[in-house]
1. Can you tally the lysine pairs in segment 3-139 where the Cα-Cα distance is under 17 Å and the two residues are eight or more apart, or on different chains?
2. Do any chymotrypsin sites (Phe, Trp or Tyr not before Pro) in segment 1-107 lie in a DSSP loop with no more than 12 other beta carbon atoms within 10 Å, and if so, which?
3. Please give the length that would be gained between Ser123 and Thr77 if that part of the chain were fully extended, namely 0.36 nm times their separation in residues minus their C-alpha to C-alpha distance (nm, one decimal).
4. How big is D for the chain, in µm² s⁻¹ as a whole number, if Stokes-Einstein is applied with the Kirkwood radius of its Cα pairs at 37 °C and 0.692 mPa s?
5. Could you work out how far apart the two model spin labels at Arg50 and Glu132 are, taking each label as a point 7 Å from the Cα in the direction of the beta carbon, and quote it in nm?
6. Would you please state which residues of segment 73-106 a label at Ser66 would reach in this model, taking the label point 7 Å out along Cα→Cβ and a backbone N cut-off of under 17 Å?
Amino acid sequence: MSEELKREAWGWLKPVQMIHLATWDGAMPRVRPVSLVYEEERFWVATGTREAKAVQIAANPVFEFSLVLQGEGSNGTFRGSGRARIASDPGEKRRIAAKIPFFKEYWESPDEESFCLIELGVSDVEFMRPHEMTAVKFRV
C-alpha cells in the first residue's frame, strides 16, 4: 500500500464528521451514529462517562467505524477498526474538546467527571473510492 493511497484516504476526512461506531457489549455488536473528531491521523469520540459506548469500550476496547464518502453520483466508504482507549490526560481532553463545535451543549468544561473522551486507535483501514467497486485494505 503506497503512502499516496493512504494520504488520499486521510484526505477524505474532515475535522469533525458523522460516523457509525460499533462496539461490543459482551454478547452483541452495538452500532450508533456519533461525531468523529479527526486530528493528525488520530481519531476521537466524545461522550458521557455513563453512556453505553463508554462502558462498552472500558470493558472491551475493540471497535469498528464506517464513514460514507459522498462523491458525485456515487459513494465510497472509509472503515477503521482497532482498539480504543479512554483518555485521562487533562491536556489532551482540553485540546480535543476545543475542536468539538457542540461541546458546550453537553458540558461546561472538559474537566467534568461526566465528560468521556475516547481515542479510537485505528490499526486497520478499508478504503473504497466513490465510483469504485473494490475496497483497498491497509494497516496503519
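1. Here the count comes out as 4.
2. Phe102
3. Extending this stretch completely gives an extra 14.9 nm.
4. 209 µm²/s
5. 4.5 nm
6. 74-82
Here, each number is a calculation from the coordinates, and none is a lab measurement. From a predicted model like this one, the values you see are computed outputs, not experimental measurements. Positions of Cβ are backbone-derived with ideal geometry, glycine not excepted, and every protein chain shown enters the neighbour counts.
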